[in-house]
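Asker: Structure below; questions to follow.
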Amino acid sequence: MKAIVTVHNLPVHTPFAIAGGTMQSAQCAIVALSVESGHDALTGLGEAAPFSAVTGEEIKQTATMIEALCDDIKFMTPESAVRVLRDRSTDDSLSRSALCAVECAVLDLLAQRARIPLWRFFGSPVAAPGGSRVIRTDITVPVMDAARVTTFLEKFSSHNFDTFKVKVSGQVDRDTDSVRAVSAWLSARGQDARIILDGNQGFDVKRARQLLQNLEKLEIRAVCFEQPLPRADFRGLAELSRSTPVPVLLDESVTSAKEVFHAREARAGSMINIKITNYR
């Protein structure tokens with residue numbers, strides 16, 4: 001297999017701000033893996049998009065690791081490469097986004113060689129009327145002042161999202177105004193949509209509870225509150241879970257099967273956000 005790795009720094013119309021930091025541009029590394037298959041030359045694509053504020057990974061280091069991984073599997077068949085990459089998934093020294101990019105490229109090759117789309121290769125049973133493929137996802141609203149929310153959301157009004165993940169910062173008054181602005185925009189459109197709060201570890205128990213109370217007074221009920229507290233604060237997460245009807249969704253707190261059991265024993269939340277790239 002031959003590999004070409006390119007790094008891209010793409011402009012964004014709105015800085016992507018969360019409690020832990022802000023992304024001013026979209027940085028990603030694209031890997032193209034090529035292989036001869038009979039009379040055909042196939043190319044599988046994979047992408048790594050590390051966000052240093054969350055994972056600590058930098059794009060240049062990620063691209064270098066992608067190249068190293070590709071060098072390790074260059075003489076293998078895609079089937080063998082998948083097994084090797086799977087075995088290396090427990091290696092904590094590896095960039096998770098780099099491993100994901102190379103694995104996606106190899107899986108793309110396998111799907112092409114089998115002459116089936118990747119969604120069918122994964123066994124997806126989901127189909128919309130008429131046979132078209134539908135992937136349900138949400139839109140993320142970065143941390144921003146309430147005055148900017150409408151302008152931001154109008155950019156996506158034609159996409160008909162029904163779930164809105166609102167990043168909140170830990171500044172309760174500002175967060176309350178931002179969520180209220182999202183809710184008002186949805187109400188003005190007559191749209192029945194779900195709102196998820198995502199704290200990215202920016203709160204303590206008191207401030208998280210205050211935000212939920214503020215929203216309750218505004219008759220805004222979030223579907224869940226994702227990772228409001230620092231990842232290791234299982235005691236605080238459990239306390240918050242007991243004191244609010246809004247489910248606490250664990251994200252950064254759970255990156256392994258062991259931490260899943262720890263979270264369950266601590267009753268730290270009632271939901272888990274499974275990020276395949278980050279698990280080990």
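Asker: Hey, among the residues in the stretch 78-120 that are of a type in the set (S, T, N, Q) and modelled with pLDDT under 90, which one's nearest to residue 29 (Cα to Cα)?
Answerer: Step by step, filter the stretch 78-120, then rank; the result is 95.
Asker: Hey, another quick one. Tell me the residue from 223, 246, 182, 205 that is in contact with a strand residue (DSSP E or B) (Cβ under 7 Å, 6 or more places away or on another chain), modelled with pLDDT of 95 or more and farther than 20 Å from residue 153 by Cα, please.
Answerer: 246
Asker: Checking residue 88 against (1) more than 30 Å from residue 145 (Cα to Cα); (2) free of Cβ contacts under 8 Å to residues at least 60 places away in the same chain; (3) loosely packed, with under 15 Cβ neighbours inside 10 Å; (4) of a type in the set (D, E, K, R): exactly one of these is not met. Which one?
Answerer: Among (1) more than 30 Å from residue 145 (Cα to Cα); (2) free of Cβ contacts under 8 Å to residues at least 60 places away in the same chain; (3) loosely packed, with under 15 Cβ neighbours inside 10 Å; (4) of a type in the set (D, E, K, R), residue 88 violates only (3).
Asker: Please give the helices (runs of 4 or more DSSP H) falling wholly within the stretch 24-93 in which 3 or more residues are touching an Asp or Glu at 6+ places or on another chain (Cβ under 6 Å) and of a type in the set (Ser, Thr, Tyr).
Answerer: Qualifying helices (runs of 4 or more DSSP H): none found.
Asker: For residue 193, work out the one condition from (1) over 30 Å from residue 89 (Cα atoms); (2) modelled with pLDDT of 95 or more; (3) touching a Leu at 6+ places or on another chain (Cβ under 8 Å) it doesn't fulfil.
Answerer: The one condition residue 193 does not meet is (2).
Asker: Among the candidates 237, 249, single out the residue that is in the same structural domain as residue 173 (by TED's automatic domain parsing), surrounded by 15 or more Cβ atoms within 10 Å (Cβ to Cβ), free of Cβ contacts under 8 Å to residues at least 40 places away in the same chain and not in a loop (DSSP other than H, G, I, E, B). Spell out how you get there, then give the answer.
Answerer: Working: 249 fails: free of Cβ contacts under 8 Å to residues at least 40 places away in the same chain.
None of the other options fit; the residue is 237.
Asker: Exactly one of these conditions fails for residue 190: (1) part of a loop (DSSP other than H, G, I, E, B); (2) in contact (Cβ under 8 Å) with a residue 24 or more places away in the chain. Give me its number.
Answerer: Residue 190 satisfies every listed condition except (2).
Asker: Condition first: at pLDDT 95 or above, more than 21 Å from residue 64 (Cα to Cα) and part of a strand (DSSP E or B). Can you find one or more residues in the stretch 142-150 that meet it?
Answerer: No, the stretch 142-150 contains no residue that is at pLDDT 95 or above, more than 21 Å from residue 64 (Cα to Cα) and part of a strand (DSSP E or B).
Asker: Here's something else I'd like to know. Within the stretch 155-172, how many residues are assigned to a helix (DSSP H, G or I) and either touching a residue at least 12 places away in the same chain (Cβ under 8 Å) or hydrophobic (A, V, I, L, M, F, W, C) (or both)?
Answerer: Matching residues across the stretch 155-172 total 3.
Asker: Going by the conditions given, is residue 81 within 20 Å of the chain's Cα centre (by Cα) and over 30 Å from residue 175 (Cβ atoms)?
Answerer: no
Asker: A further question on this structure: Would you confirm whether any residue within the stretch 58-66 is among the charged types (D, E, K, R), touching a helix residue (DSSP H, G or I) at 6+ places or on another chain (Cβ under 6 Å) and over 20 Å from residue 122 (Cα atoms)? Step through it out loud before you land on a result.
Answerer: Our first condition is that a residue be among the charged types (D, E, K, R); within the stretch 58-66, this holds for 58, 60.
If we keep only those that are touching a helix residue (DSSP H, G or I) at 6+ places or on another chain (Cβ under 6 Å) too, we end up with 58.
With over 20 Å from residue 122 (Cα atoms) added as a condition, the list becomes 58.
Within the stretch 58-66 (the criterion being among the charged types (D, E, K, R), touching a helix residue (DSSP H, G or I) at 6+ places or on another chain (Cβ under 6 Å) and over 20 Å from residue 122 (Cα atoms)), the answer is yes, since at least one residue qualifies.
Asker: For the stretch 219-231, name all the residues that are surrounded by 13 or more Cβ atoms within 10 Å (Cβ to Cβ) and of a type outside the set (Lys, Arg).
Answerer: 220, 222, 223, 224, 225, 226, 227, 228, 229, 230
Asker: Consider residue 214 against the criteria (1) on the phi < 0 side of the Ramachandran plot; (2) touching a residue at least 40 places away in the same chain (Cβ under 8 Å); (3) under 17 Å from the mean Cα position of the chain (by Cα): it satisfies all of them except one. Which criterion is unmet?
Answerer: (3) is the only condition that residue 214 fails.
The values are calculated or read from the model by the stated rules, or taken from the named source; none is laboratory data. The shown structure was predicted, so the numbers you read here are calculated from the model rather than taken from an experiment. Note: ideal-geometry Cβ built from the backbone for every residue, glycine included; neighbour counts use all protein chains shown.
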